[in-house]
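Each remark here refers to the structure printed beneath this line.
The values are calculated or read from the model by the stated rules, or taken from the named source; none is laboratory data. Just so you know, these numbers come straight off a predicted model, no measurement behind them. Positions of Cβ are backbone-derived with ideal geometry, glycine not excepted, and every protein chain shown enters the neighbour counts.
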């Protein structure tokens, strides 16, 4: 313990962690600049550092960026990161009521708590959870993706048919590019730039941010309610009582999904949002701006940070793109991930654990201290704010691959999102299907190759069968419920 504390509370370590969190929040709040980009761009700064400050700077960026995405998601309906796409559903409606500070307070506390929960689990049972992740192969990953796609039925709102149509559109978009099994190019319309498929970030920015700019232009001179200033940046006692069970469930869900290679905060956020909606006594209020709708995705996507570090440190398997970059940083500092790391570098590993907790504390402090500054975004006149957002969207989309075609994709997605919104189609199913479509298709086909075309592989593996049953139930139940209500309505009409 003395060695850990002496390593952690060195000024350079504290400043590196704090600087990483600040840069992470900045990257997360800028549409298009993801946590992966932040970790990748700033990793060269750690080359000349010792292991502890260098690695904790990257962890600080990772944690800060996932929280930073919720700032613009709540305030201007623009998810700064893919993980914040689910936060938009209730965060922005709360802002429209003039409760921007309340939305940010709930988001900050939920993000902090989700990170702390995942960090605690990482410290206590990291090795056992890592071994569990090894049981996930193509069938289990397909079943998890299928379960994620089943959420479309519950986030479609009142119009299930339009929600399913939007989900099908997202799945079709995910099929553009090179087939990941046969390497055959499909649906690219002869364009080389579509051979790798659609970049997810430009589509996300276009659907949510640019389409919202177009919608706002219709009421350019109609000001929305001003944000109410809150003397206490923390959520009220009533809100804390409401969101506490949600935070615990979301943090544990995010930790579990984070350890699965290939899954990430965007998937866990939607799954946690759907779970909370199903557990709720008032599911019809989700999407109208309620605390649970913000707490669930934020605690879950920040919970994936600790979860993703578990297989990295214990097995040397990166859980997502961020930890893949950190794998290189660990090796650069002569720390080879795996079981031997806990024997040869135990003090350094525990320093990383403690620094992860410190990074989440900094997320809480910076989120609360900066809340009044963040809320001022809402008070900026729309005729000034909209051009700024459009420029940010273009810059963020261009920076992904440094080509203009991503900006064009963003613009087309924005136009499509505008007309879909005007037609009453939800945009969230498109985003969810675009994220999971390729993952679902690829692992389905790999599973069939493994079983030589047999389907028994899906129901003879317990974890796979469990997710398939849950996903099927999630799809069938809304249909059964709708049919039952229809029959009851007909009987009532006859009476």
Cβ pairs under 8 Å, 6+ apart or interchain, first in the stretch 138-163 and over 15 Å from residue 257 (Cβ atoms), second modelled with pLDDT under 75 and not in a helix (DSSP H, G or I), ordered by first then second residue, are 162/156; 163/156; 163/157
Does residue 335 satisfy being part of a loop (DSSP other than H, G, I, E, B), at negative phi and either surrounded by fewer than 17 Cβ atoms within 10 Å (Cβ to Cβ) or touching a helix residue (DSSP H, G or I) at 6+ places or on another chain (Cβ under 9 Å) (or both)?
yes
Selected residue (only one of 389, 463 is part of a helix (DSSP H, G or I), over 14 Å from residue 205 (Cα atoms) and in contact with a helix residue (DSSP H, G or I) (Cβ under 6 Å, 6 or more places away or on another chain)):
463
Of the numbered conditions (1) surrounded by 19 or more Cβ atoms within 10 Å (Cβ to Cβ); (2) in a helix (DSSP H, G or I); (3) under 26 Å from the mean Cα position of the chain (by Cα), residue 373 satisfies every one except a single condition; which is it?
(1)
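For every residue, the table says whether it meets (1) modelled with pLDDT of 80 or more; (2) assigned to a helix (DSSP H, G or I).
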| site | (1), (2) |
| --- | --- |
| 126 | no, yes |
| 131 | no, yes |
| 140 | yes, yes |
| 148 | no, yes |
| 154 | no, yes |
| 165 | yes, yes |
| 169 | yes, yes |
| 180 | no, no |
| 201 | no, yes |
Taking the stretch 168-193 and keeping residues touching a residue at least 24 places away in the same chain (Cβ under 8 Å) and within 26 Å of residue 35 (Cβ to Cβ) leaves 170, 171, 173, 174, 180, 193
Of the conditions (1) crowded, with 19+ Cβ neighbours inside 10 Å; (2) modelled with pLDDT under 75; (3) farther than 21 Å from residue 301 by Cα, residue 224 clears all except one; give me its number.
(1)
Given the condition at pLDDT 75 or above, under 24 Å from residue 82 (Cβ atoms) and not in a helix (DSSP H, G or I), answer yes or no: does some residue in the stretch 438-454 qualify?
no
Out of 305, 351, report the one residue that is over 24 Å from residue 268 (Cα atoms) and at pLDDT below 85.
351
Looking at (1) in a loop (DSSP other than H, G, I, E, B); (2) at pLDDT 80 or above, which one does residue 158 not meet, given that it meets all the others?
(2)
Is the stretch 241-249 home to any residue that is under 26 Å from residue 434 (Cα atoms), surrounded by fewer than 24 Cβ atoms within 10 Å (Cβ to Cβ), out of contact with any strand residue (DSSP E or B) (no Cβ under 6 Å at 6 or more places or on another chain) and modelled with pLDDT of 85 or more?
yes
Considering (1) surrounded by 15 or more Cβ atoms within 10 Å (Cβ to Cβ); (2) modelled with pLDDT of 85 or more, say which one residue 270 fails and leave the rest.
(2)
Among the candidates 201, 152, 178, residue that is under 28 Å from residue 394 (Cβ atoms) and buried (at least 19 other Cβ atoms within 10 Å of the Cβ):
201
